Each structure stands twice: as structure tokens, then as C-alpha cells.
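Heads up: the structure comes next, in C-alpha cells.
The values are calculated or read from the model by the stated rules, or taken from the named source; none is laboratory data. Since the model is a prediction, treat every value here as computed from it, not as a measurement. Glycine gets a Cβ as well: all are built from the backbone with ideal geometry, and neighbour counts include every protein chain shown.
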Amino acid sequence: MTEQHADCELDTRGLRCPEPVMMLHRQLRKMQVGEVVALLATDPATLRDVPQFCEFLPHRLIATVTGQADYRFWIEKGERV
């Protein structure tokens, strides 16, 4: 898979649930609608938590890449309804 575009990167590797999603939420609040954040994580719970977070708020989960020891997510900030 080719590298996705991101306006900023958020490195949460080494942090456990709920910290990666809390940090993602804080970062998205600072961003403009349509901007993309790349989230790096090592907590397996993010594979469940990030898609649910995006669906709930709603933001768009553009891509997910799982590696041997880490996970990468690209999330586009959506509009609050």
C-alpha cells in the first residue's frame, strides 16, 4: 500500500487504552474539517476503538495498516452534525 497523505502525525506508540483515542480526539479538535491525521499506535485495542470513534463522531477512517508491532490509521476530520 502506498503511503497516505496526512496533514499531521500523532505517535501514541507505547500508550494503552484509552490514551490513544483521547489523544486522537484532542488532535482532531485542533484541526480543520477535511484535514487528515496519521495515528501510530501499538495497542491492539486501537483496531477496535479507532473505527468506533470515527463512526460515532463522525470522522472518516481513510485507511488502516497493521504491521508486526504497530498500527497506522489515517483519519479525516468530519463535520459535527
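Residue pairs whose Cβ atoms lie under 6 Å apart, sitting 6 or more positions apart in sequence or on different chains, and linking a residue in the range 47-71 that is within 20 Å of R26 (Cα to Cα) and without any contact (Cβ under 8 Å) to a residue 12 or more places away in the chain to a partner that is part of a loop (DSSP other than H, G, I, E, B) and among the small types (G, A, S), do not occur here. Screening R13 against (1) outside any loop (DSSP other than H, G, I, E, B); (2) free of Cβ contacts under 8 Å to residues at least 60 places away in the same chain; (3) surrounded by 12 or more Cβ atoms within 10 Å (Cβ to Cβ) leaves a single unmet condition, (1). Identify, from the list E35, E76, the residue that is touching a His at 6+ places or on another chain (Cβ under 7 Å), among the acidic types (D, E) and surrounded by 14 or more Cβ atoms within 10 Å (Cβ to Cβ). Step by step, each of E35, E76 is checked, and only E76 is touching a His at 6+ places or on another chain (Cβ under 7 Å), among the acidic types (D, E) and surrounded by 14 or more Cβ atoms within 10 Å (Cβ to Cβ). Identify, please: which residue in the range 38-73 is surrounded by fewer than 17 Cβ atoms within 10 Å (Cβ to Cβ) and of a type in the set (D, E, K, R) and is, among those, farthest from L10 (Cα to Cα)? Filtering the range 38-73 for residues that are surrounded by fewer than 17 Cβ atoms within 10 Å (Cβ to Cβ) and of a type in the set (D, E, K, R), the one farthest from L10 (Cα to Cα) comes out as E55.
Just one of the numbered conditions (1) without any contact (Cβ under 8 Å) to a residue 24 or more places away in the chain; (2) charged (D, E, K, R); (3) buried (at least 19 other Cβ atoms within 10 Å of the Cβ) is not true of R29: (3). What are the residues in the range 34-79 that are under 12 Å from the mean Cα position of the chain (by Cα), in a strand (DSSP E or B) and among the polar types (S, T, N, Q), if any? Answer for the range 34-79, where residues must be under 12 Å from the mean Cα position of the chain (by Cα), in a strand (DSSP E or B) and among the polar types (S, T, N, Q): just T64.
Does any residue of the range 17-33 turn out to be assigned to a loop (DSSP other than H, G, I, E, B), more than 20 Å from P58 (Cβ to Cβ) and not aliphatic (A, V, I, L, M)?
Scanning the range 17-33 turns up at least one residue that is assigned to a loop (DSSP other than H, G, I, E, B), more than 20 Å from P58 (Cβ to Cβ) and not aliphatic (A, V, I, L, M).
For the range 1-10, the set of residues classified as modelled with pLDDT under 95 and either small (G, A, S) or surrounded by 13 or more Cβ atoms within 10 Å (Cβ to Cβ) (or both) consists of Q4 only.
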